[in-house]
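Encoded as structure tokens, the structure appears first; notes follow it.
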Amino acid sequence: MIRENPSPKHGYPGRLFVFEGLDGSGKSTQAALLGKWLAATGYRVFRTEWNSSELVSSTIRRGKKKGLLTPTTFSLMHAIDFADRFERTILPPLRAGYIVVCDRYSYTAFVRDAARGCDPAWVRTIYSFAPTPDIAFYFRVPVHVTLQRKIASRLKINYYEAGMDLGLSEDLHDSYERFQGRIKKEYDRIAVTDKMTIVDSTRAVEPIQAELRSKVRPILQGFPKGEALLHDG
Amino acid sequence: MTDRTYGTRLPGIPTGELAGKLIVIEGADGSGRSTEVALLKEWLEIEGHAVVDTGLRRSTLVSEEIDRAKQGHTLGATTLALLYAADFGDQLENKIVPALSAGSTVLADRYIYTLMARAIVRGASRDWARHLYGFAFRPDLVVFLDARPEILLHRSIGKYGSLDYWESGMDLCLSRDFFESFFLYQDRLAREFEWMTREYDFHMVDGNRRPEEVHTSVRELVAPLYGAVKKGRVRRPGPPTPPGPSASA
């Protein structure tokens, strides 16, 4: 058992850095850059993304085809996915003393499920197995900016990401803006209640990255370096 | 309104009074549940009630994933517990609630209680399990078939020809010995069902007896739900109290 340097937030010897925000907020770019820098500085880093796994996406596809998915089962499917990733890929490196950089964490579920009408207290309880991060960045950006970025990079808007299942609008773009607007509102709210670190993500990449580095330095004071290692999970 | 569920509102589900009755038969493997469900269904239909029977792991959404996970034993305890919850949620919303809305009686061969007990003996906290299933509809009646471990053992051997891997809790590594593991596992489950008895208003029925005798007892509990008091004093299930956070383990 590694018992050195327990985190004041969760007690594990590793550190947990979380990146949250709307799709297109720039959080993945920033997470990748921060991970690279940490590894180059000499830390053991484990970077992981929460995107739909095969388990969940195949089920969601099937559920969608048969019209079976409801906000509750949709929420549970994502919880399964997160729990699987957590038990498999987040907890072991955290216990082994790595810096775990998570591109999306339980907050993603809190905001998305709330936007779908699930009981927030219920969602929080389900995810209560997930430890509190050492720092959680929220990349705040207006919805229309993320839409422009998506269109500019020719990314397709997916059905659920646009909240089309909720019947907010017949039009994909319109539905996207409304649904993501709900999510943003929820992010803005929990960023305060959960003491997230809010990052103005309308700026260029470099000043944001510099800000992140200055924010994590104090957290890592006295944190041991190992043989530098970057693992992208 | 949260009055039909155990505390969590279900988005997009009708909140008013549903016409149908929800009857749950719970009990360990080998307690005689399936036999009783069949007898009860038969009787209710003869009495003129439309009956939809349902059990665990019968939904189309994730049952394949559950089977796959069980074969590979690759999922962690939390993940597996959530997989079962998703499966239950799917059945609740796509089968149980529509049937209740249509005025049918839903006869459930096991319900959230078994799922909760299984999750808890595998490491989930009672509080977590209780909140996870907070979206479940409150049954009109929960019958718990209580049978001695020795009886369960003999029925289990009779049914499978040997002891079942999962019903013996072999995944918990309590013992390498099936026989011993079976008793240890059933004992742990029984401990969980015990606290649920009060909290979820179980009606205990002695399952050590022959199926016809068990059925007579169950009928006495079921009949009042339809306004017919057969004989003696049969208590209608009182208003269930929502599980408070203070009643934690």
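Read-outs: derived from the displayed coordinates by stated rules, not from any lab. Remember, predicted model here, so these are calculated numbers, not experimental data. No Cβ is skipped: glycine too gets one built from the backbone with ideal geometry, and neighbour counts run over all protein chains shown.
When each of the peptides A:73-79, B:172-178 is scored by the mean number of other C-beta atoms lying within 10 Å of its residues, the order from highest to lowest reads A:73-79, B:172-178. Under 5 Å from the amide H of residue A:199 lie the amide H atoms of A:138, A:139, A:140, each residue being 5 or more positions distant or on a separate chain, with H modelled from the backbone and absent for Pro and chain starts. With the cut-off at under 20 Å, measuring from each backbone N in region B:174-204 to a point 7 Å along the Cα-to-Cβ line of residue B:154 picks out B:179-184, B:186-187. Taking the dipole about the Cα centre of region A:15-232, with the C-beta of Lys and Arg at +1 and of Asp and Glu at -1, give me whichever of A:28, A:74, A:167 is farthest to the positive side. Value computed over the given set: A:28. Shown is the FRET efficiency for residue B:50 and residue A:144, computed with R0 = 51 Å from the Cβ-Cβ distance and rounded to the nearest 0.05: 0.45. In terms of surrounding Cβ atoms within a 10 Å radius of their Cβ, A:9, A:225, A:156 rank from fewest to most as A:156, A:225, A:9.
The length gained on full extension between residue A:232 and residue A:152, counted as 0.36 nm times the residue separation minus their Cα-Cα distance, comes to 26.1 nm.
Which percentage, to the nearest 5, of the DSSP beta bridges contained in region A:15-232 is antiparallel?
Values: 0 of 23 bridges.
Expressed as a percentage, antiparallel bridges in region A:15-232 total about 0.
Okay, helix-only estimate at 222 nm for chain B: each DSSP H run of n ≥ 4 adds -39500 (n - 2.57), divide by all residues, round to 500 deg cm²/dmol; what do you get?
Details: 9 runs with 107 residues, N = 249.
So the calculated ellipticity at 222 nm is -13500 deg cm²/dmol.
Considering region A:28-134 at the alpha-carbon level, its Rg and Dmax are found to be 15.5, 50 Å. Peptide A:111-123 is shielded by partner chain Cβ atoms: per residue, an average of 3 of them sit within 10 Å of its Cβ.
For chain B, give me the percentage of DSSP beta bridges that are antiparallel, rounded to the nearest 5 percent.
Values: 1 of 20 bridges.
Counting only bridges with both partners in chain B, antiparallel ones make up about 5 percent.
Judged by the ratio a/c of the largest to the smallest principal axis of the C-alpha gyration tensor, chain A counts as prolate, that ratio being 1.5 or greater while a/b is larger than b/c. Taken over chain A, lysine pairs spaced eight or more positions apart, or on distinct chains, with alpha carbons under 22 Å apart number 21.
What does the helix-only formula give at 222 nm for chain A: each DSSP H stretch with n ≥ 4 adding -39500 (n - 2.57), the total divided by the residues, and the result rounded to the nearest 500 deg cm²/dmol? Could the numbers behind the result be given before it?
Numbers: 9 runs with 109 residues, N = 233.
After summing the helix terms and dividing by residue count, I get -14500 deg cm²/dmol.
Between the beta carbons of residue A:198 and residue B:190, assuming R0 = 51 Å, the FRET efficiency works out to 0.50 to the nearest 0.05.
Report the net charge of residues surrounding residue B:17, where surrounding means a beta-carbon distance below 14 angstrom and charges are Lys +1, Arg +1, Asp -1, Glu -1. Write out the running numbers ahead of the final one.
On the way: positive: B:4, B:21, B:138; negative: B:3, B:140.
So the surrounding residues net to +1.
Residues B:192, B:213, B:93 in ascending order of nearby Cβ atoms (within 10 Å, fewest first): B:213, B:192, B:93.
Roughly how many debye, to the nearest 20, is the charge dipole of chain A about its Cα centre, given +1 on each Lys and Arg Cβ, -1 on each Asp and Glu Cβ, and no other charges? All intermediate terms of the calculation are to be shown ahead of the outcome.
Numbers: 35 positive and 26 negative charges, 47 e Å.
Result for chain A is approximately 220 debye, rounded to the nearest 20.
If contacts are Cα pairs under 8 angstrom and at least 6 residues apart, what is the relative contact order of region A:15-232 in percent? Don't skip to the answer; put the middle values down first.
Values: 295 pairs, mean separation 77.8, N = 218.
Dividing the mean separation by the residue count of region A:15-232 yields 36 percent.
For region A:16-24, backbone phi angles converted through the Karplus equation (6.51, -1.76, 1.60; θ = phi - 60°) give residue-by-residue couplings of 10, 10, 10, 10, 10, x, 5, 4, x Hz, Gly and Pro being listed as x.
Which FRET efficiency value, to the nearest 0.05, is calculated for residue B:165 and residue B:122 with the Förster distance at 25 angstrom and r the Cβ-Cβ distance? Write out the running numbers ahead of the final one.
Numbers: r = 14 Å, r/R0 = 0.57.
Plugging the Cβ-Cβ distance into 1/(1 + (r/R0)^6) gives 0.95.
Could you size up the charge dipole of the protein assembly as shown around its Cα centre, putting +1 on the beta carbon of Lys and Arg and -1 on that of Asp and Glu, and report it in debye to the nearest 20?
On the way: 66 positive and 60 negative charges, 227 e Å.
Taking the Cα centre of the protein assembly as shown as origin, the dipole is about 1100 debye.
Between B:143, B:178, B:132, the Cα set farthest toward the positive side of the dipole of region B:101-182 (charges on each charged residue's Cβ, about the Cα centre) is that of B:132. Between rounded, prolate and oblate, where does the protein assembly as shown land on the alpha carbon gyration tensor, with a ≥ b ≥ c its root eigenvalues, rounded for a/c under 1.5, else prolate if a/b exceeds b/c? Note, shape of the protein assembly as shown comes out prolate. What distance in nm separates the two pseudo spin-label positions at residue B:180 and residue B:201, each 7 Å out from Cα along the beta-carbon direction? Rounded to a tenth, the inter-label distance reads 4.3 nm.
Could you tally the net charge around residue A:132, taking each other residue with its Cβ under 9 Å from the Cβ of residue A:132, Lys/Arg +1 and Asp/Glu -1? Present the calculation step by step, with values, prior to reporting the outcome.
Details: positive: A:9; negative: A:134, A:194.
Around residue A:132, the surrounding residues sum to -1.
Only one residue of B:31, B:217, B:157 has its Cα farthest out toward the positive end of the dipole of chain B, where Lys and Arg carry +1 and Asp and Glu -1 on Cβ, and that residue is B:217. Taken about its Cα centre, region A:1-133 carries a charge dipole of about 180 debye when Lys and Arg each add +1 at the Cβ and Asp and Glu each add -1 at the Cβ.
Which of the three applies to chain B, rounded, prolate or oblate, going by the alpha-carbon gyration tensor with a ≥ b ≥ c and a/c under 1.5 meaning rounded?
Details: a/c = 1.59, a/b = 1.20, b/c = 1.33.
Oblate is the answer for chain B, as a/c is 1.5 or above yet b/c matches or exceeds a/b.
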